[in-house]
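Comments concern the structure below.
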Amino acid sequence: MNLYEPSHEPMIPKGVKDFLPTNAVKIESLRQTLQQVFRLWGFQPVIPPSLEFLSVLERGLGNDLRDRTLRFDDRQSGQLLAFAPDVTPQIARIFATRMTQAELPQRLSYSCRVLRHTEEQAGKDREIFQSGVELIGDPSPRADAEMITMALECLDRLQAPEFTIDIGQVEFYRGVLEGLDLALPQVRAIEQALLHKDSSSLRQLLQQLPLSDGQCEELMALPRLFGGREVLDQASAVVTNERSKQALDDLHQVLHMLELYQVDQHITLDLGELRGLDYYTGVTFQGFLTGFGQAVCLGGRYDHLTERYGRAAAATGFAFNLLHLLFAMPDILGQQAQPLTDVLLCAPPCQDSAMQRLARQLRGQGYSACTLLTEQAPSYDNSLRRQYRYLAHMADDGHQINLLCLADGSSQNLSGTELTRQALGDTAKR
């Protein structure tokens, strides 16, 4: 059997992908845009490791992520190692153990891949590209508003056509649940009905439970508490417990700040959102693009996570899923993400030295340049356009160069000196 013959068997595991240059350029463009926003807001990058001790990592994982963690034996230590399914617990560990003397607040950013176990039939990605931020040490509603405003600015910078941020508050639900004398399976059944916004199933379930009319009314209101700022007034009229009312007061403050920042037009409220209930401690939010059914951004407050690693601090943050962004806006990214190479220099073999000298000059000025020995310039086609911005063909005499702009097909003849001085323009330079 020839080991190099093509096979019909898959050569990579399910749930992971190869990204060829066309999409790899888009992913890199997304990452750079997000990282630029993070930098402008004062966030400093950190790079967590790919592997963690499972026993350490699990301190910061909720039940859902703990079940989806990929783990294996480590021959060196004899302990179980794990690939992190989420970056936030890693940042919490780094802050609590490596930044013990750091002043608060700390603003940290990252761009990493994480791995998660998924059921085979689910068809979901096991490898997730995340870019996000963590604001550690600020317990105020202002910090929550800053995270939401940053997420909105990121979507705006990415030129997403239509987007919204859905805001929830897990303490509101916990306040409703707090006074109920129910077993854990009953609570989980209620949560499943609420997660699916299934009012009919919720009503049938509540009829079978030992709850008062007032308690049933509070729970039945949750799936309907979705919309604009009027949702806060509707919720206030339904709930009576202090924990939920305090959560509403917190949301009022966050929304007031978002109005001051003039970004509230993209905001909706969803007080029946229970995502990450065992992980978050307050305001949560999700970013959605119109026409794409999955959240492209997830975030929220997690005030008790860093203390699991030895240093207590309030914290909030968010992360973008780059693959969701990639598949949600392919046309826009196709226009934004430009070829990575500025110019392809072509020359006949007799001018190899002159071509290499010109390539060095261009690279010294910050342009990317590839070289190709050929008697004739390559054919002008879409494949060439996807790789390069310009095609420069050197004549046999080594002096005249035909410069072709691959974006619009325009061309001009010029000398090597003219090419390095002005022809490519500052817009191509990175």
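Listed values, structure above:
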{"item": "Relative contact order of the chain, pairs being alpha-carbon contacts under 8 Å that are 6 or more residues apart, as %", "result": "16 percent"}
{"item": "Antiparallel %, DSSP beta bridges [both residues in the chain], to 5", "result": "80 percent"}
{"item": "Centroid-to-centroid separation of region 381-401 and region 54-101 [C-alpha atoms, Å]", "result": "50 Å"}
{"item": "Sorted peptide list for 67-79, 285-297, 97-109, criterion being average Cβ within 10 angstrom, highest first", "result": "285-297, 97-109, 67-79"}
{"item": "Selected from I165, T33, G179, residue furthest toward positive end of dipole (the chain; charges at beta carbon)", "result": "T33"}
{"item": "Among L404, V56, T88 - extreme Cα towards positive end, dipole of the chain, charges at beta-carbon", "result": "L404"}
{"item": "Given charges at beta-carbon only (K, R positive; D, E negative), |dipole| of region 91-156 in Debye", "result": "300 debye"}
{"item": "Segment R360-E307, extension gain: residue separation times 0.36 nm, minus the distance between their alpha carbons", "result": "13.8 nm"}
{"item": "Accessible surface of the chain, 1.4 Å probe, proportion on carbon and sulfur as whole %", "result": "48 percent"}
{"item": "Listed residue (T306, Y390, L345) projecting farthest to the positive dipole end of region 292-430, Cβ model", "result": "T306"}
{"item": "Mean residue ellipticity (222 nm) of the chain, computed from DSSP H runs ≥ 4 via -39,500 (n - 2.57), nearest 500", "result": "-11000 deg cm²/dmol"}
{"item": "Highest-fluctuation residue, L194, L51, L152 considered, GNM on the chain with Cα pairs under 10 Å", "result": "L51"}
{"item": "Total charge dipole magnitude, the chain, about the Cα centre, Cβ charges on Lys, Arg, Asp, Glu only, Debye to nearest 20", "result": "1140 debye"}
{"item": "Surface accessible to a 1.4 Å probe, per residue, for the residues of the chain, Å²", "result": "52 Å²"}
{"item": "3J(HN,Hα) from dihedral phi, region 50-55, Karplus parametrisation 6.51/-1.76/1.60, rounded to Hz, x for glycine, proline", "result": "6, 10, 9, 5, 4, 4"}
{"item": "Lysine pairs meeting the criterion (Cα under 25 Å, 8 or more apart or interchain), as found in the chain", "result": "8"}
{"item": "Cα-based helix-to-principal-axis angle, 88-98 vs the chain, degrees rounded to 10", "result": "90 degrees"}
{"item": "Acute angle (nearest 10 degrees) that the helix 141-157 long axis makes with the longest principal axis of the chain, alpha-carbon atoms", "result": "30 degrees"}
{"item": "Computed lengthening from Q192 to F327, 0.36 nm per intervening residue step minus Cα-Cα distance", "result": "45.8 nm"}
{"item": "Karplus-derived 3J(HN,Hα), 6.51/-1.76/1.60, for each residue of region 306-311, Hz, glycine and proline x", "result": "5, 5, 5, 10, x, 9"}
{"item": "Point-charge dipole on Cβ atoms (K/R +1, D/E -1) for region 318-413, about Cα centre, debye to 20", "result": "320 debye"}
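The values are calculated or read from the model by the stated rules, or taken from the named source; none is laboratory data. Just so we're clear, the structure is a prediction, and the values are computed from it rather than from any experiment. Neighbour counts are summed over all protein chains in view; Cβ atoms, including those assigned to glycine, are modelled from backbone coordinates with ideal geometry. Please note that ligands, DNA and RNA were not included when accessible areas were found on the heavy atoms of the full protein model with its side chains. Shrake-Rupley method; radii C 1.70, N 1.55, O 1.52, S 1.80 Å.
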